[in-house]
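This report concerns only the one structure given below.
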Amino acid sequence: MTKLRVLLLLFLAVSLSCAVTFYTHPLWVADQIIRLNLWRNGVQSRYAQVGPYRIHYFEAAPPTGSPNRPLVLIHGLGSRGEDWAPLISRLAAAGFHVYVPDLLGYGRSPQPDVDYSISLQEKLVVQFLQTLSLNKTDLGGWSMGGWVAAKLTLDHPELVTRLVLYDSAGIYFPATFDATLFTPTDPAALFHLTEMLDPNPHHLPSFIARAAIERLHAHGWIVQRSLQSMTAGRDLLDFRLAQLHTPTLIVWGSKDVLIPLSAAEQMHTLIPNSSLDILDGCGHLAAAQCPNSALKATVDFLTPTTPPAPINQTLPGK
C-alpha cells in the first residue's frame, strides 16, 4: 500500500510539473512535441556550416530503393522549418530526399545584424545547396520563401529542376495590412494576424496568446528588417517572371487574405507554361492547413519523369 501511495504521489507531482511547464512555456512544449513527432517519423535535425553561419535544417531521406530525388523547402516570414512538419515525412515517403533549412535569423539559425533582404536569404540558400552538394534540386518556397525560391531560380536556373511556389510573395499587390500586423501587442492584434492567415481563426487561451505575443516581439526586429527590404521593391520579380523557364507549379489557398488569389493568377500569367493549383477553402498557410491537397499537388507535379502539361485546377481543401 505504501508503494502504491508513493507511485501515486510521483504521478501527481509529474502531472503537476507538466501542467505548470505547459502553462508557463506553452510554445516551448508545443515545439518539443512537433520535434518529437518529426524525429519519430525519421526526420533528422542537423546543422551545416554555410559561409560564416551555422545553419539549422531538417533532413528526411526516402525509403531505400526509391528515386531519392532532392527537394529543398524554404519557409516564410517569421517562420521556421517546423512549419513544413505536415509535409516533410510524407514527401520523403513519396521518394524525395527532403531538406528544410531555417533561413538566417529564423528558427535555430543565427541572428546576425544584417538587412535580412530577399537577396541575402537567396545567397544563403545557394551556399546551403553548395555546402550539401545539391547541384540540381527541386525547390519549394512558401510566402516569403517562395520569393526567395523564385529569385534563386531566375538567378541560378542551373541549380533547380522544378519549382513549387506556395502562396508566394514576390510581385506587387495592393496590401490590406501594414508592418505592425506581424508584431501584435495585444490579444486583439494577435487575433487579427490569425484572421489574415487562417480562414477559420480561433481565439487562443490567454496564456498561449501571451506567449505568442512575447515570441513574436522577441524576433520582431528581424521581421521588420525583412519587411523594410521587401517593401523597398529592389527584389520585386514582376518584370522578371517572364524569364522563368523552369517548370513551375503555383499552389494557393482560395481564401488567402494575406496575399490574395489574384497574385497567384498574375504569377500564373507571367510565368511561361506554369501550372496553378487552387486549394479550395484554404488560407495563406495552405500547405499546413490542407496538407493532403498540398501533398497531392506537389507529388503529382514533381514525380513524373517529364513535367506534366500546364494546368489550372481547383482541388478540394483537406
Next item on the list: Considering only GLY283, GLY145, GLY51, give the residue with the highest GNM mean-square fluctuation for the chain, with springs between Cα atoms whenever their separation is below 10 Å.
Entry: GLY51
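Which of the three applies to segment 182-262, rounded, prolate or oblate, going by the alpha-carbon gyration tensor with a ≥ b ≥ c and a/c under 1.5 meaning rounded? Display every interim value, and only then the final one.
Details: a/c = 3.19, a/b = 1.67, b/c = 1.91.
Judged from the Cα gyration tensor, segment 182-262 comes out oblate (a/c at least 1.5, b/c at or above a/b).
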Next item on the list: Run the quick spin-label model on PHE207 and THR176: label points 7 Å from Cα toward the beta carbon, then report their separation in nm to one decimal.
Entry: 3.5
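Shape call for segment 52-125 from the C-alpha gyration tensor, a ≥ b ≥ c root eigenvalues: rounded (a/c under 1.5), prolate (a/b greater than b/c) or oblate? Don't skip to the end; give the middle numbers.
Numbers: a/c = 2.69, a/b = 2.27, b/c = 1.19.
The shape class here is prolate.
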Item checked: Nearest-ten-degree value, helix 187-197 long axis tilted from longest Cα axis of the chain -> 40
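Please state, to two decimals, what the Cα-based radius of gyration of the chain comes to when divided by 2.2 N^0.38 Å (N = residues). Working shown, then result.
Numbers: Rg = 20.4 Å, N = 318, 2.2 N^0.38 = 19.6 Å.
In units of the globular-protein estimate, the chain measures up at 1.04.
As a test of the definition: which semi-axes, in Å, follow for segment 242-282 when you take the square root of five times each eigenvalue of its alpha carbon gyration tensor? Largest first, please.
Working: eigenvalues 80, 21, 7 Å².
So the three semi-axes of segment 242-282 are 20, 10, 6 Å.
Using the beta-carbon distance between THR131 and HIS25 and R0 = 30 Å, what value does 1/(1 + (r/R0)^6) give for FRET efficiency, to the nearest 0.05?
0.35
Quick one: which of 240-246, 55-61, 131-137 comes out on top by average Cβ neighbours within 10 Å, and what's the full order, highest first?
Working: 240-246: 16.6, 55-61: 20.9, 131-137: 13.6.
Those peptides, ordered most packed to least, come out 55-61, 240-246, 131-137.
Go ahead and run the numbers for FRET between HIS217 and ASN41, Cβ-Cβ distance against an R0 of 41 Å, rounding to 0.05. Write out the running numbers ahead of the final one.
Working: r = 32 Å, r/R0 = 0.78.
My answer for the efficiency is 0.80.
Determine, for each peptide in 223-231, 108-116, the mean count of other beta carbons within 10 angstrom over its residues, then list the peptides with the highest first. Please report the intermediate quantities before stating the final value.
Numbers: 223-231: 18.2, 108-116: 15.0.
Going by the mean number of other Cβ atoms within 10 Å, highest first, we get 223-231, 108-116.
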Next item on the list: Report, to the nearest 10°, how far helix 118-131 tilts away from the longest principal axis of the Cα atoms in the chain, using its own Cα long axis and a range of 0 to 90°.
Entry: 80
Check: In a Debye calculation with equal point scatterers on the alpha-carbon sites of segment 123-201 and no solvent, what is log10 I(q)/I(0) at q = 0.10, 0.26 Å⁻¹?
Finding: -0.36, -1.19
Item checked: Estimated FRET transfer efficiency (THR306, THR64; beta-carbon r; R0 25 Å; 0.05) -> 0.45
Next item on the list: Under a 10 Å cutoff between Cα atoms, tell me which one of PHE182, PHE239, PHE301 has the largest fluctuation in the Gaussian network model of the chain.
Entry: PHE239
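So what is the calculated 222 nm ellipticity per residue for the chain, using -39500 (n - 2.57) for each DSSP H run with n of 4 or more, over all residues, to the nearest 500 deg cm²/dmol? Present the calculation step by step, with values, prior to reporting the outcome.
Numbers: 11 runs with 136 residues, N = 318.
Dividing the helical sum by the residues of the chain leaves -13500 deg cm²/dmol.
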Check: By how many degrees, between 0 and 90 and to the nearest 10, does the Cα long axis of helix 206-218 differ from the longest principal axis of the chain?
Finding: 50
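Each reported figure results from applying straightforward, stated rules to the coordinates on display, with no laboratory input. In this text, all values refer to a predicted model and were calculated from it rather than measured experimentally. FYI the Cβ positions are ideal-geometry reconstructions off the backbone, even for glycines, and counts take in every protein chain you see.
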